[in-house]
Amino acid sequence: MTEPVTVRSIGTDLVRRDAWAKVTGTAPYAVEHPVRPRAYLYPVQATVPRGTVTAMDTAAAEAVDGVLAVLTHRNAPRLADTSDAELAVLQSPAVGFAGQFVAAVVAEHPEIARQAAGLVRVEYDRMAHDAQLDPDSSELYAPDSVNPSYPTDTLDGDPDAALAAAAVQVRQTYRTAMYHNNPMEPHASYAHWDSDGLTVYDSTQGVHVVRSVLARTFGIDAERVRVICPYVGGGFGSKGTVHAHAVLAALAARALPGRWVRVVLTRQQMFCLAGYRTPTIQRVGLGADRSGRLTALTMDVVEQTSRIKEFAEQSGMPARTMYAAGTRRTTHRLAALDVPVPSWMRAPGECPGMFGPEVAMDELAVACDLDPIELRIRNEPDRDPDSGLPFSSRNLVGCLREGADRFGWHDRDPRPRRMVDGWLVGSGVAASTYPVNQMPGATATIRYADEHYTVSIGAADLGTGAWTILGQIAADALQVPVEQVRMRIGDTAFPYASVAGGSSGTTCWGGAIVAAARAFRSRYGDRPGDGAEAEGTLPDNPERKHWAMHAFGAQFAEVRVRPDSGEIRVARLLGVFACGRIVNPRTARSQFVGGMTMGLSMALHEDSVLDPRSGRVVNHDLAQYHIASCADAPSVQAYWLDEHDPYVNPMGSKGIGEIGIVGTAAAVANAAWHATGVRVRELPITCDKLLG
Amino acid sequence: METQIGLRVDGTRHTVRIDTRETLLDVLRERLGNTSPKKGCDHGQCGACTVLLDGRRVTTCLALAVSHDGAELTTAAGLASGAQLHPVQQAFVTHDAFQCGYCTPGQVCSAVGMLDEASRGWPSACTEPGELVRLSDAEIAERMSGNLCRCGAYVNIVAAIRQAAVDADAPDTP
């Protein structure tokens, strides 16, 4: 067991520390810091998906009044490390995807930079390219591992034989679309060089990540790079890794010492320069006996990556852990295409990877004439099928049962096509899961002065509530009222914090704060003097070797469909989650509800349409790439079980930022089948598919 | 081309030289240093830049500054008076109607403008013809659908605005 914190502030629904600043708009985001003197950069982007820049005419741009510099691969400062092709900005004439930076104009004002960028003339030697994901391509390959370092394939027994012999079989192909994170705050950086080094205001999920990557890329000591980001206007993974614009800002600032060079991606540019979720093609096979017990489970995934940099989404992962099955296979195959570089998006792996299997489970329930909740309960594993370890806690069944009670599942007629007031009405369920991740190294300091404890850690709050809940954890670990705790995050001037990713922030940063608080109390007790200070680092958790650690949940959806038009609405979403101890019910509920709302958006709306001829996303703005709006989400409710897990960390908490989006789209698709009798296996669920 | 315009922003008069290509949003953020309105899309598609312009909600990324000489603007920063939040802002805090906070100033301004529109009886797409406007959740959600929130705080936004609307209608208690 980990040594638990005695809770007092933890579990209370404290209002966010940053609430006042956010509702007035005075919380400063990346490019809202009042730095001077400024310069504004506007990039020139490649118009071909693959090729070489053969000629570039910058004379007209340079002649515009107010232009300070025009950077190209010929004159840009050299980078020390170009091993990451996404970040090797303006270092060669090679073009690896449409939209890649090929030049940049820096000017005294944004309008001037944009005007001049439009005057740069670029000629290309265009090469043959491939931007079409084809699951039958002969060029698919198996990556060495999948994100971040999981095995590419797993095999247990002979699932093909077991599937062929199964009394009940489901063999279907499911598809999820290409998705873009689209945080509301565009990716943005201010960069500044002087004799001390590089300072960057960046919109990021990890200031220390940006620091280490920029230090490596520019070949300077990390101590000479400072990255600041107290507030992040959303990220959902896209700001968890460094993208090319941050390098471009630093590159341009190096060419213009003393200037704060600003790069803000436009919404359109974010569709090729800020990562995205790969489309997935999932071939799922379920074999079961007549009572619904799985004898075979196969999940063979095909995805895309970019030719210049590999990202292998781990979509097969949840199929390894969710259900008991006599035999099992999971595989990942990638197509390396001439497309923008994919990356993390909320619950990489789990989010797309629960769509196919959870719809297949619904199809199996229908084939077995079983309630889909009962089918899942019958396939509960007593140990993690992947690792063979017992679960530190697993309350999927509890979530399904409580969700069924709250949703009103019990009087559900399993037959589809119930009609109410001119709408076909249906309900559906799907399971959720997300692992308890931990990354090493997070460190916090606690300093006492003026009757306050100041906690410093280079963590990030992208809307999760970290500003607030880290203070609650510190208060309880210090055994003081939360009002006595001051928080400082979002700056590399504070100790190292791992990235806000993998729903690991509370585990990693909270664990570091608990370690620092214990060091502080052991040294100074209850009555520290001004200037008392202690540091603590997240310890290894030896329990991780002995237990499989995952959060679980159950999602329920009510869907209404117009029979004549196929218009589809999600009238109701209800989720119940088992995620250990909830540190702050207010911010936690917002995390769950927000994830579910994004899952609704994935189910019905989101679809990046990549034109294979140009290699570009054609619907690259918020008028054409639809995300759920206010009227699309009339009822989204989240609840949780009171789950005690003494093994995960001293707070007893599991990550909650991502599980809310896992399984939502499957629940909606299953409800859409129940409403219409039409099984949609390809997202998004649009009216044409329901009418077809 | 440059020119000079006058603006009154959150009660303060400004005379400012602008590039005639600049939007009101860019003038507010880059020239006047008021970053309360946010730039999310620059195309009028997300609503993050919403302010009250002469009392009406507008997306400032679609408004050329040069055509608004003399305008009176209120941003979310100006809705609060000192430490006292506007009732809509306080309701957003109470209902946790935001996460990352980037769309929030636009949501707040939009809600204030919307409540005024509803009080004047302006119908929306989901108002029954001939009926008086009653601010049901569906009415609020319909009228707020020009303000996107990627964190997915919509149900809390609706709850916050519903409370602000009810409180505004309630007779003052001593």
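Read the figures in this text as sums done on the coordinates, not as results from a lab. Values in this document were obtained by computation on a predicted structure and should not be read as measured data. Cβ sites come from the backbone with ideal geometry, for glycine too, and all protein chains shown count toward neighbours.
Quick notes on this one:
- In sequence order, region A:375-383 has phi-based couplings of 4, 5, 4, 5, 10, 5, x, 8, 9 Hz under the Karplus curve 6.51 cos²θ - 1.76 cosθ + 1.60, θ = phi - 60°, and Gly or Pro positions carry x.
- For B:Lys39, the aspartates and glutamates whose Cα comes closer than 19 Å to its Cα, not counting residues fewer than 8 places off in the same chain, are A:Glu32, A:Glu111, A:Glu185, A:Asp202, A:Asp621, B:Asp10, B:Asp19, B:Glu22, B:Asp26, B:Glu30.
- Zone residues, region A:471-497, relative to A:Thr537, backbone N less than 11 Å from point 7 Å out along Cα-to-Cβ: A:496
- Amide H contacts of A:Ala449: A:Thr454, A:Gly531, each under 5 Å away and 5 or more positions distant or on a separate chain (H built 1.01 Å from N in the peptide plane; Pro and chain starts excluded).
- In terms of other Cβ atoms within 10 Å, A:His208, B:His43 run from fewest to most in the order B:His43, A:His208.
- A:Met1 versus A:Cys687: modelled label distance in nm, points set 7 Å from Cα along the beta carbon direction: 5.8 nm
- With contributions of -39500 (n - 2.57) from each DSSP H run of at least four residues, the per-residue ellipticity at 222 nm computed over chain A stands at -7000 deg cm²/dmol.
- Distance from the C-alpha centroid of region A:597-613 to that of region A:110-158: 18 Å, rounded to the whole angstrom.
- Checking the cross-link pairs A:Lys239/B:Lys38; A:Lys22/A:Lys239; A:Lys689/B:Lys38 against a 29 Å limit on the alpha carbon distance flags A:Lys689/B:Lys38 as lying beyond it.
- For A:Gln100, nonlocal amide neighbours, meaning residues 5 or more places apart or on other chains whose placed amide H falls under 5 Å from its own, are A:Ala46.
- Cα pair count fraction exceeding 17 Å, expressed as % - region A:417-480: 65 percent
- Per-residue mean of C-beta atoms belonging to partner chains within 10 Å, peptide B:26-33: 2
- Net charge over other residues, Cβ less than 10 angstrom from the Cβ of A:Leu133 (K, R count +1; D, E count -1): -2
- Cα-centred dipole magnitude for chain A, charges only on beta-carbon of K, R (+1) and D, E (-1), debye, nearest 20: 500 debye
- Computed from the C-beta positions of B:His43 and A:Asp81, the FRET efficiency with R₀ = 35 Å rounds to 0.45.
- Judged by the ratio a/c of the largest to the smallest principal axis of the C-alpha gyration tensor, region B:2-79 counts as oblate, that ratio being 1.5 or greater while a/b is no larger than b/c.
- Here the label points at A:Ser195 and A:Arg486, each 7 Å from Cα along the C-beta direction, are separated by 3.2 nm in the simple model.
- Whole-Hz Karplus values for region A:386-391 come out as 7, 8, x, 7, x, 7 Hz, taken residue by residue from phi with 6.51 cos²θ - 1.76 cosθ + 1.60 and θ = phi - 60°; glycine and proline positions read x.
- Sequence-ordered 3J(HN,Hα) estimates for region A:199-214 from the Karplus curve with 6.51, -1.76 and 1.60 and θ = phi - 60° stand at 10, 9, 8, 10, 8, 9, 8, x, 4, 6, 5, 4, 4, 5, 5, 5 Hz, glycine and proline given as x.
- Projected area, mean over directions - region B:87-169, Cα convex hull, nm²: 4.8 nm²
- Along its three principal directions, the equivalent ellipsoid of region A:149-223 from the Cα gyration tensor extends over semi-axes of 50, 19, 8 Å, largest first.
- Going by neighbour counts of Cβ atoms within 10 Å, the residues A:Met439, A:Met361, B:Met1 line up, fewest first, as B:Met1, A:Met439, A:Met361.
- Note on B:74-84: average number of Cβ atoms from other chains within 10 Å of each residue's Cβ is 2.
- Backbone N within region A:190-213 under 12 Å of label point (7 Å from A:Val35 Cα along the Cβ vector): A:190-194, A:197-203
- Here the relative contact order of chain A, from alpha carbon pairs under 8 Å that lie six or more residues apart, stands at 17 percent.
- Crossing angle, helix B:104-119 versus chain B [Cα axis fit, 0-90 degrees, rounded to tens]: 60 degrees
- Taking amide H as placed 1.01 Å from N in the peptide plane, the amide H of A:Trp640 sits under 5 Å from that of A:Phe577, each at least 5 places away or on another chain.
- Prolate/oblate/rounded label for chain A (Cα gyration tensor, a/c 1.5): oblate
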